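The values are calculated or read from the model by the stated rules, or taken from the named source; none is laboratory data. Bear in mind the structure is a predicted one, so any value in this text is a computation, not a measurement. Heads up, the Cβs are rebuilt from the backbone with ideal geometry, glycines too, and the neighbour counts pull from every protein chain shown. Accessible surface is based on the protein model in full, side chains and every heavy atom, while ligands, DNA and RNA are left aside. Shrake-Rupley method; radii C 1.70, N 1.55, O 1.52, S 1.80 Å.
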Amino acid sequence: MKQERNSMDNTINFYRSDSQLMNDAIDRIVVEVHSRKNASEQERKSILLTGCSPESGTTTLAINLAISLSAADWKTLLVDCDLRKGMKYKRLNADTKKGLADYLNHTCELNEIISSTNYEKLDYITCGSEAESPVRLLCSAQMEHFVEEVKNEYDYIVFDCP
């Protein structure tokens, strides 16, 4: 997958929570993830986070977990899998043109949807254009291909799902 990224790629700025309690809790999760990865015979690379309702804090948790994993020196990818609304409704996706839905619909290449962040070992993929059938896209063979491709490049992939 080692491809040159689109030169129009903008860096997306992430910030850790101001709450020391939350940061300590996230760091404990990172330690647990690391210890389980080392203890398992099969390498686990992906973490899927989902909430039970809108505004439950799943995205905040996903961002902070991805930041902590990258700060622990693991190359990490955060993927916005909420394909229901499209990126025009999301603060983090304001300057991006394409994302996961576009890749899954075969309208762009993988290197076109990966954005750098202000953390050296953390990249981000936006949700992309509004999708007519998000479930169909997320359950597609193209999604399976996507996961296999990014698993070869990243130590951890954090999926932020609705």
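Looking only at residues in the stretch 107-137 that are among the β-branched types (Val, Ile, Thr) and free of Cβ contacts under 8 Å to residues at least 40 places away in the same chain, which one is nearest to Tyr156 (Cα to Cα)?
Here the residue is Ile113.
Could you list, in sequence order, the residues of the stretch 8-28 that are modelled with pLDDT of 70 or more and more than 17 Å from the chain's Cα centre (by Cα)?
Matches in the stretch 8-28: Ser17, Asp18, Ser19, Gln20, Leu21, Met22, Asn23, Asp24, Ala25, Asp27, Arg28.
For the stretch 103-162, give me each residue that is of a type in the set (Lys, Arg) and closer than 16 Å to Asp82 by Cβ.
Within the stretch 103-162, Arg136 is the sole residue that qualifies.
Looking only at residues in the stretch 73-93 that are open to solvent by less than 50 Å² (accessible area, probe 1.4 Å), out of contact with any Phe, Trp or Tyr (no Cβ under 9 Å at 6 or more places or on another chain) and at pLDDT 70 or above, which one is farthest from Val33 (Cα to Cα)?
Among residues in the stretch 73-93 that are open to solvent by less than 50 Å² (accessible area, probe 1.4 Å), out of contact with any Phe, Trp or Tyr (no Cβ under 9 Å at 6 or more places or on another chain) and at pLDDT 70 or above, the one farthest from Val33 (Cα to Cα) is Leu83.
Can you pull out every residue in the stretch 108-150 that is polar (S, T, N, Q), more than 12 Å from Val79 (Cα to Cα) and open to solvent by less than 20 Å² (accessible area, probe 1.4 Å)?
Thr117
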